[in-house]
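Read the structure below first, then the notes.
The values are calculated or read from the model by the stated rules, or taken from the named source; none is laboratory data. Source: prediction; values computed, not measured. In this analysis, Cβ positions are derived from the backbone assuming ideal geometry, glycine residues included, and neighbour counts consider all displayed protein chains. The protein model used for the area step is the full one, side chains on, heavy atoms only, and it has no ligands, DNA or RNA in it. Shrake-Rupley method; radii C 1.70, N 1.55, O 1.52, S 1.80 Å.
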Amino acid sequence: MTCDFSLEHYRDLLRAARAGGYRWAGFDRAPEQGDLILRHDVDLSLDAALAMAEVEAEEAAWSTWFLMTRSVFYKLASSEGERAIERLRALGHRVAHHAVYPHVDLDKRFDPVVAWHNPDPEFMTAPIEGAVNVMQAPFFDPEHYRSDSNQRWRSGCPHDDLAAGRFTWLQLLTHPEIWAFAGATMRETMESLLDADRAARLEHLRNDRIDLS
Ligand SMILES: [Zn+2]
Ligand SMILES: [Zn+2]
């Protein structure tokens with residue numbers, strides 16, 4: 001098994017978690033022994049999110065998707081964004097809010113759960129009125145947290161530890177763009193994302209009746 005950042009290996013991770021006896025969990029109650037909280041911060045691409053969400057559904061898994069209202073890369077308040085939320089919900093996933101400090105745009109599209117985008121230490125773990133902050137106790141502590149930030153696991157790919165049941169519980173943060181687009185480095189993966197984005201935008205232009213002849 002190679003620990004690359006691909007949807008195939010993400011599927012391995014889900015299967016490892018099942019083999020390790022974990023149950024899927026969210027942010028609606030305090031973590032318990034055996035919980036695996038799958039968290040996804042969607043920074044760049046709704047298409048990547050949907051591709052990963054389909055893999056989870058195929059593996060009978062569900063997770064919590066944190067979507068931005070203030071992204072410069074995608075627009076949630078578009079037909080594309082509405083379809084993405086609909087599809088995530090239809091697959092049995094939860095939809096929460098990936099907020100840009102200090103703006104919390106919680107509305108009926110989201111469960112009352114917030115993950116800050118690129119948080120500074122000053123506000124990272126601070127309580128948020130009317131919502132769960134995912135980096136607040138009891139949902140966060142460093143022993144029970146792994147993240148794929150910039151296509152690098154700080155303590156190695158967790159698939160072995162999951163399969164062996166070594167975490168009492170875990171919050172696993174993954175960014176769908178890293179897994180859905182090909183690339184051995186973050187730079188390469190971002191080039192793949194940009195290529196796909198250009199193709200998608202050409203399609204939007206066609207749909208907008210722009211003459212591309
Ligand atoms: Zn691995
Ligand atoms: Zn983010």
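How large is the direction-averaged shadow of the alpha-carbon convex hull of region 131-182, in nm²?
Over every viewing direction, the Cα hull of region 131-182 projects on average to 4.5 nm².
Report the GluC sites (Glu not before Pro) located in region 116-171 that are in a DSSP loop and have at most 14 other Cβ atoms inside 10 Å of their Cβ, or state none.
Taking region 116-171 and a limit of 14 other Cβ atoms within 10 Å, the loop GluC sites (Glu not before Pro) found are E129.
For S79 and R154 in one chain, what is 0.36 nm times their gap in residues minus the Cα-Cα distance, to one decimal in nm?
This chain segment gains 23.3 nm when fully extended.
In deg cm²/dmol and to the nearest 500, what is the mean residue ellipticity at 222 nm of the chain if only DSSP H runs of at least 4 residues count, each as -39500 (n - 2.57), divided by the residue total?
That comes out to -10500 deg cm²/dmol.
Which order do you get for W116, W24 if you rank them by accessible area with a 1.4 Å probe, largest at the top?
W24, W116
Hey, can you grab everything whose amide H is under 5 Å from the amide H of H175? Only 5+ residues off in sequence or another chain; H modelled, so Pro and N-termini drop out.
Those qualifying (amide H under 5 Å, at least 5 residues apart or on another chain) are D148.
Top to bottom by accessible area (1.4 Å), largest first, where do Y101, Y145 land?
Y101, Y145
Sorted by accessible area with a 1.4 angstrom probe, largest first, how do R166, R146, R18 fall?
Of R166, R146, R18, the descending order of accessible area is R166, R18, R146.
Compute the Cα gyration tensor for region 81-213, then decide on rounded, prolate or oblate, letting a ≥ b ≥ c be the square roots of its eigenvalues: rounded whenever a/c is under 1.5, prolate when a/b is larger than b/c in the other cases, and oblate in all that remain.
Verdict is oblate for region 81-213.
How much accessible surface area, in Å² rounded to 10, belongs to the heavy atoms of C3 with a 1.4 Å probe?
So the heavy atoms of C3 present about 70 Å² to solvent.
Name the long-range amide H neighbours of V113: under 5 Å, sequence gap of 5 or more, or other chain; modelled H, no Pro or chain starts.
H97, V132
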